[in-house]
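Notes to accompany the following structure.
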Amino acid sequence: MGEEILINFTPMETRVAVIENGMLQEVYIERAERKGIVGNIYKGKVVRVLPGMQAAFVDIGLERAAFIHVAELTPNNGNHDEKQPEPPISSLLREGQSLVVQVTKDPIGTKGARLTTRLSVPSRYLVFMPGREHIGVSQRIENEEERNRLKLLISEALAEDNGDESGGFILRTAAEGARDEDIQTDVAYLRRLWRKVRERMTDEAVPRVVYEDLPLHMRTLRDVAIPMVERIRIDSRETFQKANEFVSSLVPEISDRLEYYPGERPIFDLYNVEEEIQKALGRKVELKSGGYLIFDQTEAMTTVDVNTGAYVGHRNLEETIFKTNLEAATAIGRQLRLRNLGGIIIIDFIDMEEPEHRRQVLRTLERVLEKDHVKSKLTGVSELGLVEMTRKRTRESLEQLLCEPCSQCQGRGSIKTPETVCYEIFREILREARAYDTDTYLVIASQSVVDRLMDEDSDNVAELEAFIGKTIQFQVETLYTPEQFDVVLR
């Protein structure tokens with residue numbers, strides 16, 4: 001079984017699942033009230049310049065101002081020498097100035113969107129970079145003859161340019177094996193599109209969107225539907241018809257793989273996608289051998305811990321560890337894609353004595369990540385079994401998209417024990433007794449805390465009453481969290 005794409009559409013939400021060999025590998029979710037904005041081009045207004053950070057904040061019409069670094073303000077013609085120091089940002093931007101920018105990262109957590117002035121617009125086979133004199137080819141196209149053919153095609157297209165929509169091109173991975181006329185059609189399409197974008201830039205209204213990327217299901221057909229995809233199933237007739245029109249004009253080679261799915265059984269239930277999404281929100285991932293992985297996602301980085309668990313092997317300890325790490329490497333590659341984890345990732349493999357075992361584990365991880373659409377970079381396995389890697393982060397992770405910090409633990413992942421809260425209450429009562437004169441103290445707390453105060457800690461309560469010479473009463477408040485309490489003077 002090869003690769004399939006499932007598109008689940010409702011008016012409120014679009015979800016896309018990428019299935020390989022019957023297993024969920026990636027999931028994309030776009031909600032009507034929370035659409036991703038990566039790739040959108042805005043005409044914004046500079047609201048604050050920060051010379052000390054060599055950066056600025058730009059209002060593009062979002063809740064939070066977006067952020068741009070001076071490195072993203074270098075000339076758009078591609079002639080900037082990266083070895084030269086960047087000019088002071090105050091010489092390039094001033095507050096109140098209008099600026100055309102493109103979003104490179106969605107707002108994530110407390111951070112605003114990241115911006116660049118190096119604009120680009122994609123099509124099926126190409127990325128057009130206005131104002132830049134550059135022809136690039138995806139590194140995933142390894143055949144040198146094919147790379148040269150594609151470069152020649154674009155060079156000829158640039159030679160015919162009339163000067164109005166000049167710019168450079170990057171040939172995407174999907175361009176490998178594409179017909180000459182398909183590449184030329186893409187060039188013409190991108191130039192028409194850029195002409196419309198330039199017209200919208202002349203509008204004086206600020207902030208405003210001047211170019212908006214395609215909705216999720218269309219982006220999937222353009223970017224994810226590679227030649228290896230055997231079938232694309234869509235469960236909405238209206239979306240299927242729109243997709244058919246889009247594919248016929250832009251990606252005709254995959255039109256025979258589009259299918260309308262009218263089944264009564266939800267499309268995501270075909271491959272247990274819902275169940276896999278729920279598992280991907282948990283910390284623990286079970287391995288078939290009996291080992292397991294623990295994922296901890298923080299603002300700074302994500303850590304992955306590999307454990308042998310119940311797996312004891314059949315030969316010796318080193319062989320058991322090696323097999324567990326090999327299985328973990330394959331599972332980690334899949335989980336990074338499924339959870340859309342980005343930024344710095346530290347993987348703590350179980351310590352291996354044999355250098356050859358370390359090389360094989362790293363190679364397994366590299367091989368799994370070769371299928372990933374997102375760029376990543378790995379280091380070697382250290383003597384401690386640690387692998388440091390980075391994975392480009394442009395959108396929120398699955399957890400950030402579907403979850404919010406726990407209201408009880410505030411995202412810590414743990415809460416104080418009832419015993420700890422009881423001792424905090426005792427200290428608060430002592431503080432109140434020294435500061436105020438009253439006859440009775442009323443403690444309002446959660447059920448678990450009050451139960452402990454009246455049972456295991458009842459002797460402590462009696463001693464405290466005798467010590468301060470006052471009466472202490474208790475009241476349960478069902479709306480309180482386990483850590484929340486009040487001491488009321490009566």
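List the equivalent ellipsoid semi-axes of the stretch 257-403 in whole Å, largest first, each obtained as the square root of 5λ for an eigenvalue λ of the Cα gyration tensor.
Numbers: eigenvalues 165, 71, 42 Å².
Each semi-axis is √(5λ); the values are 29, 19, 15 Å.
Per the helix-only calculation at 222 nm, which mean residue ellipticity applies to the chain, given -39500 (n - 2.57) for every DSSP H run of n ≥ 4 and division by its residues, nearest 500 deg cm²/dmol? Before the final figure, lay out the partial values.
Values: 11 runs with 144 residues, N = 490.
Estimated from H runs of four or more residues: -9500 deg cm²/dmol.
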Task: Simple spin-label estimate for residue 133 and residue 353 in nanometres, 7 Å along Cα-Cβ - done: 6.2 nm
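What's the extension gain from residue 158 to residue 242 if we count 0.36 nm per residue and subtract their Cα-Cα distance?
Additional length available on full extension: 27.0 nm.
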Open item on the list: In Å², and per residue, what accessible area does the stretch 370-473 have when probed at 1.4 Å with the other protein chains present?
Closed with: 61 Å²
- [ ] Just report the Cα centroid separation between the stretch 50-67 and the stretch 106-169, whole Å.
- [x] 26 Å
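Considering only protein heavy atoms, what per residue accessible area in square angstrom results for the stretch 235-326 with a 1.4 angstrom probe?
On the way: 5360 Å² over 92 residues.
Per-residue value: 58 Å².
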- [ ] Would you grab the residues whose amide H sits under 5 Å from the one on residue 309? Only those 5+ places off in sequence or on another chain, please, with H modelled 1.01 Å from N.
- [x] 292
Task: Shape of the stretch 116-206, Cα gyration tensor, a/c cut at 1.5 - done: prolate
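Find the eigenvalues of the gyration tensor of the Cα atoms of the stretch 323-456, then list the square roots of 5 times those eigenvalues as equivalent ellipsoid semi-axes, largest first, in whole angstrom.
Numbers: eigenvalues 507, 69, 32 Å².
Taking √(5λ) for each eigenvalue gives 50, 19, 13 Å, largest first.
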Task: Given charges at Cβ of Lys, Arg, Asp, Glu: the chain dipole, positive-most of 489, 255, 306 - done: 255
Open item on the list: Given axes a ≥ b ≥ c from the Cα gyration tensor, I'd like to know whether the stretch 221-310 is rounded (a/c under 1.5), prolate (a/b larger than b/c) or oblate.
Closed with: prolate
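Could you report the stretch 147-227's accessible area per residue, 1.4 Å probe, as an integer in Å²? Don't jump to the answer; show the numbers that get you there.
On the way: 4120 Å² over 81 residues.
Accessible surface, normalised per residue, equals 51 Å².
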TODO: Calculate, in nm to one decimal, what residue 344 and residue 318 gain on full extension: separation in residues at 0.36 nm each, minus their alpha carbon distance.
DONE: 6.5 nm
- [ ] Could you give the DSSP H helices of the chain that reach 18 angstrom or more along their long axis (alpha carbon positions) and whose average Kyte-Doolittle hydropathy is no lower than -1.0?
- [x] 144-159, 237-250, 317-339, 355-369, 418-435
- [ ] For residue 137, list long-range residues whose amide hydrogen, built 1.01 Å from N in the peptide plane, is under 5 Å from its own amide hydrogen.
- [x] 171
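How big is the Rg/Rh ratio for the chain, C-alpha atoms only, Rh by Kirkwood, two decimals? Provide the component values of the computation, followed by the final result.
Numbers: Rg = 28.9 Å, Rh = 27.0 Å.
Over the Cα atoms of the chain, Rg/Rh equals 1.07.
What value does the stretch 192-258 have for Rg/Rh, both radii from Cα atoms and Rh as Kirkwood defines it?
Working: Rg = 15.3 Å, Rh = 13.8 Å.
Rg/Rh: 1.11.
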- [ ] Can you list which of the GluC sites (Glu not before Pro) found in the stretch 24-58 are DSSP loop residues with at most 14 other C-beta atoms within 10 Å?
- [x] 33
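Out of the DSSP beta bridges found with both residues in the chain, what percent are antiparallel (nearest 5)? Working shown, then result.
Working: 67 of 90 bridges.
About 75 percent, rounded to the nearest 5.
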Open item on the list: Taking all protein chains in place and a 1.4 Å probe, what share, in percent, of the accessible surface of the chain do carbon and sulfur account for?
Closed with: 48 percent
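The values are calculated or read from the model by the stated rules, or taken from the named source; none is laboratory data. The structure presented is a predicted model; accordingly, all values stated were derived computationally and were not measured. Because the Cβ atoms are built from the backbone with ideal geometry, glycine has one as well, and the counts that use them run over all protein chains shown. Note: accessible area is taken over every heavy atom of the protein model, side chains too, but ligands, DNA and RNA are not part of it. Shrake-Rupley method; radii C 1.70, N 1.55, O 1.52, S 1.80 Å.
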